[in-house]
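Below you'll find the structure, written out as structure tokens, and then a few comments.
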Amino acid sequence: MGEMGEECGGRLHVTVEGRVQGVGFRYFVTRAAMGLGLTGWVRNRYGGAVEVVAEGERVRLEKLLASLRRGPSGSSVRSVHPRWKEAAGEFVGFKVRRTV
């Protein structure tokens, strides 16, 4: 266990806009998050954006955020809107959710 609840970490809620659908973005995010040991989900939004919610250590979430800014080859990330919160600990694993 880390000091002062560090193991609990935080929650990162991100909306990514640009050419981010139909380019494998959700699977890129899933691989990156799982590789970092994060939990949460990713889904497409009907407006064309991708939404990501991830929980884990802050340093790992920062690495995921850097990956979201780059995106997979074939994507073109125009903007990234991160919001930071406290972790709720509600997720097991990292999943792709249905488009909303």
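For the stretch 66-98, which residues satisfy the criterion of being closer than 14 Å to T39 by Cα and not β-branched (V, I, T)?
Those that are closer than 14 Å to T39 by Cα and not β-branched (V, I, T): E86, A87, A88, G89, E90, F91, G93, F94, K95, R97.
Looking for something modelled with pLDDT of 95 or more, among the hydroxyl-bearing types (S, T, Y), buried (at least 17 other Cβ atoms within 10 Å of the Cβ) and part of a helix (DSSP H, G or I) - is there at least one such residue anywhere in the stretch 37-52?
no
Residues in the stretch 69-100 that are of a type in the set (A, V, I, L, M, F, W, C) and either at positive phi or assigned to a strand (DSSP E or B) (or both): how many? I'd like the intermediate steps shown before the answer.
From the stretch 69-100, those of a type in the set (A, V, I, L, M, F, W, C) are 77, 80, 84, 87-88, 91-92, 94, 96, 100; that's our starting set.
Then drop every residue that is not either at positive phi or assigned to a strand (DSSP E or B) (or both), which leaves 77, 80, 84, 94, 96.
Looking only at that region, the number is 5.
The values are calculated or read from the model by the stated rules, or taken from the named source; none is laboratory data. Keep in mind the model is a prediction, meaning the values are calculated, not measured. Counting neighbours? That spans all protein chains shown, and the Cβs are built from the backbone with ideal geometry, glycine included.
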